[in-house]
Every structure is written in structure tokens, then in C-alpha cells.
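We did not get these values from a lab; they are worked out from the coordinates using the rules stated. As the structure is a prediction and not an experimental result, all values here were calculated from the model. Positions of Cβ are generated from backbone atoms using ideal geometry, with glycine treated the same way; all protein chains shown enter the neighbour counts.
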Amino acid sequence: MVRMKNQSRTRLYTSVLLSLFAIFVLTSCSKTEVQNSSLRGGETRETLSPANYTGETARAYQAAREIPEVIDSLYCYCDCKKHFDHKSLLTCYVDEHAVHCDICIEEALMAYDLHKQGKDVKLIREAVDSKFSSLRH
């Protein structure tokens, strides 16, 4: 009888611990998702093809195509959000806005270089903000 109580108690403790562990894992995953999604501007349209352009413009459109999640996390310091209701820097690459804007191109290329160096989205965003925030109107 004592042995059955101990086995029942052990099963109960195991179940509680597994449940707590599952809750912990799920909670930490959703916090990460919320943090990452809060960095996103929300642009979902496809970028234009870099093959349409040359030089740095083509490289910037290629960067936007390769790392859209990073580019979408960046504020565009030409203030196109305020003037054209863009969601993020990525919006500049779903049309030809970036073709005519050195700021858009420089931001995308900087983000791409930092990404290739292994920097995460938060560090890239901080670096871009630090460099370009003085341009904000």
C-alpha cells in the first residue's frame, strides 16, 4: 500500500514537473516570437528583382530580397513612412522608391554587411539607427 502511494506521488510530481517545463518552453518561445515580430514593419509584398538595376542599387535590391526580415525591421530614415506611409525600409524595395534614394540604398547595404558578419537583427537595427537617426526630419 505504501509502495502504491509512493508510485502515485512520483507520477504526480513527474506530471507536474513536465507540465511546468512545457509551460516554460512555450512561454519562452512566444516571448521570442513577440520580440521578433515587434521588430518587423509588416511588409509582405515581394521585392523587385535586382536584375532590373546595376551597381549599388542592384546590390541593395538583392540585399532586400535575401534578408527581408532584417530590412523589414529597419526604419527608413528618408522618412518615407511619414511621407508615403511605408511600413519599413523593405517597403522601399517593393517598388522603385529605393532606386531614387541614397539613404534607402545605404541602409540596406549596411544592414546586409552587418548580417553577413553574423550580427543579429537587434544589433543591426541599433547600428543603422545610430548612423542614420541624425537625418530624421
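Things to note:
- Per-residue Cβ neighbour counts within 10 Å put 67, 124 in the sequence 67, 124, beginning with the fewest.
- GluC sites (Glu not before Pro) lying in DSSP loop within the range 61-137, provided at most 13 other Cβ fall within 10 Å: none
- Local electrostatic count at residue 125 - Lys and Arg +1, Asp and Glu -1, tallied over other residues with Cβ under 13 Å: -2
- For residue 48, the shell of other residues with beta-carbons less than 14 Å away shows a net charge of -2, using +1 for Lys and Arg and -1 for Asp and Glu.
- Model label sites at residue 109 and residue 122, defined 7 Å from Cα along the beta-carbon direction, differ in position by 2.9 nm.
- Hydrodynamic radius of the range 40-135 per Kirkwood, over alpha carbon pairs, in Å: 12.8
- Residue-by-residue Karplus 3J(HN,Hα) for the range 107-118, coefficients 6.51, -1.76, 1.60, Hz, glycine and proline x: 4, 5, 5, 5, 4, 5, 4, 5, 4, 5, 7, x
- Exposure proxy ranking, count of Cβ atoms within 10 Å, fewest first, for 70, 99, 121: 99, 121, 70
- When each of 73, 130 is scored by the number of other beta-carbon atoms lying within 10 Å, the sequence from fewest to most is 130, 73.
- Computed from label points 7 Å out along Cα-Cβ, the spacing between residue 58 and residue 134 is 3.3 nm.
- Label-to-label distance, residue 51 versus residue 96, with points set 7 angstrom from Cα along the beta-carbon direction: 1.8 nm.
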